[in-house]
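Participant: This is the structure I have questions about; it appears just below.
The values are calculated or read from the model by the stated rules, or taken from the named source; none is laboratory data. Since we're looking at a predicted model, the values are computed, not measured. A quick note on method: Cβ atoms are made from the backbone with ideal geometry, for glycine too, and the neighbour counts reach across all protein chains shown.
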Amino acid sequence: MKRDKIIYPAPLERGDKIAIVSPATKVKGEYVDGAAVFFERHGFHPVVMPGAKGPADGSFASSLSQRRDDILAALSDPDVKCIFCARGGYGCIHLLPELPEETIRRNPKWLVGFSDISALHALWHTAGVASLHAPMAKHLTLEGDYDPCTRALLDVMTGDPAMHYAFPGDALNREGVARGELRGGNLAVLNGLAQTPWDMLNVGDDEDVILFVEDISEAVYAVERMLTRLILSGNLGRVKGVIVGQFTEYGPDLNHEDMEEMVSRLLSRHGLNGIPVAYRFPVGHVVGNYPMIEGAQVELRVGKDMVELHTIEY
């Protein structure tokens, strides 16, 4: 999607409503309450939507209709400026055909979350609205006000939507500089949307894209299979730069000692050596999960000693 089609939601101000929703797996009530207390402490008016704390529907936070209605109600309320997802898990994919893209575009609000929320980020992206791949309720409840990822989230939500990150490099990094639209999230979720109307990994020949990916509890071979599909489709060969985030809760296999080594060998085997690649970037299912603005125009600078990512226009 071209940059001139991306709408940035308005910055939040004191007193603005933040709708807390649970669009996927059920979540502990104390985390929902903790997020509400956090936002209230920072001058906002949190609204815990009716299905955020149940009643659960199997593994889901509430019924499909309740989860849908919570998001539609938040979109239609002009005083709600942000839709904050309490947890990922599984279930967002059910909502994609239930939420009209035109409604999202007419009512642009920050969508915040990660993991399974990547499906909703894909929906927001298709609608042409920027969103925030960022920490959720558990993080806000447990990590406190001075956590750097929390502070970065508040900065983006309340000020100019800008990112200015500089992190230590990695021995596997492939050096270089690239510019493009930032897209990505949970690899398994986005891979599952391939060839659907919400395929955010479908990169056109005339698009400049910086891709970031992360995942949890996926075997090395499974990630290799997903990335190979992306390579064979031609989409990975069209991106201008890759950010390999945190891959957690997996074990080595007979072919690869770790996930990053597998990715590096895979890219080399397919001749993708001419683009910058940053490894072990702090985004994913870890405490160090920095906000990423989906749809932002960014510059990625990758060195062996330092990686920098910053917005170049908004």
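Participant: Filtering segment 166-203 down to residues that are under 16 Å from the mean Cα position of the chain (by Cα) and in a strand (DSSP E or B), which residue is surrounded by the most Cβ atoms within 10 Å (Cβ to Cβ)?
Facilitator: That would be GLY185.
Participant: Suppose the filter is crowded, with 18+ Cβ neighbours inside 10 Å and of a type outside the set (D, E, K, R); does ALA10 pass it?
Facilitator: When the stated conditions are applied, ALA10 does not pass them.
Participant: How about segment 21-76: which of its residues are of a type in the set (S, T, N, Q), assigned to a loop (DSSP other than H, G, I, E, B) and either surrounded by fewer than 22 Cβ atoms within 10 Å (Cβ to Cβ) or not assigned by TED's automatic domain parsing to the domain that holds TYR146 (or both)?
Facilitator: Those that are of a type in the set (S, T, N, Q), assigned to a loop (DSSP other than H, G, I, E, B) and either surrounded by fewer than 22 Cβ atoms within 10 Å (Cβ to Cβ) or not assigned by TED's automatic domain parsing to the domain that holds TYR146 (or both): SER59, SER63.
Participant: Let me ask something else about it. Could you list, ordered by first residue, the pairs with Cβ atoms under 7 Å in which the first is in segment 75-93 and on the phi > 0 side of the Ramachandran plot and the second is modelled with pLDDT of 95 or more and assigned to a strand (DSSP E or B), at least 6 apart or interchain?
Facilitator: If the second residue must be modelled with pLDDT of 95 or more and assigned to a strand (DSSP E or B), the pairs left are GLY89/THR25; GLY91/THR25; GLY91/PHE60.
Participant: Just to verify a result, which residue in segment 255-298, among those that are of a type outside the set (A, V, I, L, M) and outside any loop (DSSP other than H, G, I, E, B), is surrounded by the most Cβ atoms within 10 Å (Cβ to Cβ)?
Facilitator: Here the answer is GLU294.
Participant: If ASP155 passes every condition in (1) closer than 20 Å to HIS125 by Cβ; (2) without any contact (Cβ under 8 Å) to a residue 24 or more places away in the chain; (3) within 21 Å of the chain's Cα centre (by Cα) but one, which one does it miss?
Facilitator: (1)
Participant: Starting from residues that are under 19 Å from ALA194 (Cα atoms), among the hydrophobic types (A, V, I, L, M, F, W, C) and assigned to a helix (DSSP H, G or I), keep the ones in segment 99-136 and report whichever is nearest to the chain's Cα centre (by Cα).
Facilitator: Checking each candidate, the answer is ILE117.
Participant: Output the number of the condition that ARG301 fails; it satisfies all remaining conditions of (1) part of a loop (DSSP other than H, G, I, E, B); (2) under 17 Å from ALA171 (Cα atoms).
Facilitator: (1)
Participant: If you don't mind, another one. In the set PHE247, PHE212, which member is under 19 Å from the mean Cα position of the chain (by Cα), under 22 Å from VAL298 (Cα atoms) and not aliphatic (A, V, I, L, M)?
Facilitator: Step by step, each of PHE247, PHE212 is checked, and only PHE212 is under 19 Å from the mean Cα position of the chain (by Cα), under 22 Å from VAL298 (Cα atoms) and not aliphatic (A, V, I, L, M).
Participant: To continue, here is another question. Quick check, is GLY192 touching a strand residue (DSSP E or B) at 6+ places or on another chain (Cβ under 7 Å) and either over 25 Å from LEU267 (Cα atoms) or in contact (Cβ under 8 Å) with a residue 60 or more places away in the chain (or both)?
Facilitator: The answer is no for GLY192.
Participant: To continue, here is another question. Quick check on segment 222-232. Is at least one of its residues in a strand (DSSP E or B), farther than 16 Å from ARG183 by Cβ and touching a helix residue (DSSP H, G or I) at 6+ places or on another chain (Cβ under 8 Å)?
Facilitator: No: segment 222-232 contains no residue that is in a strand (DSSP E or B), farther than 16 Å from ARG183 by Cβ and touching a helix residue (DSSP H, G or I) at 6+ places or on another chain (Cβ under 8 Å).
Participant: Checking VAL307 against (1) more than 13 Å from the chain's Cα centre (by Cα); (2) in a strand (DSSP E or B); (3) closer than 13 Å to ILE210 by Cα, which single condition isn't satisfied?
Facilitator: (3)
Participant: Continuing with the same structure: Filter segment 1-20 down to residues that are part of a loop (DSSP other than H, G, I, E, B) and of a type in the set (A, V, I, L, M, F, W, C) and give me whichever is nearest to ALA137 (Cα to Cα).
Facilitator: LEU12
Participant: Residues in segment 233-273 that are within 17 Å of LYS304 (Cβ to Cβ) and of a type outside the set (A, V, I, L, M): how many?
Facilitator: So the count comes out to 6.
Participant: Return only the number of the condition from (1) surrounded by 15 or more Cβ atoms within 10 Å (Cβ to Cβ); (2) within 23 Å of ARG301 (Cα to Cα) that MET226 does not satisfy.
Facilitator: The number of the failed condition is (2).
Participant: What residue, among those in segment 204-221 that are out of contact with any helix residue (DSSP H, G or I) (no Cβ under 8 Å at 6 or more places or on another chain) and under 17 Å from GLY284 (Cα atoms), is surrounded by the fewest Cβ atoms within 10 Å (Cβ to Cβ)?
Facilitator: Only one residue fits best here, namely SER217.
Participant: Only one of (1) in contact (Cβ under 8 Å) with a residue 40 or more places away in the chain; (2) within 22 Å of MET200 (Cβ to Cβ); (3) of a type in the set (S, T, N, Q) is not met by SER62, so which one is it?
Facilitator: Condition (2) is where SER62 drops out.
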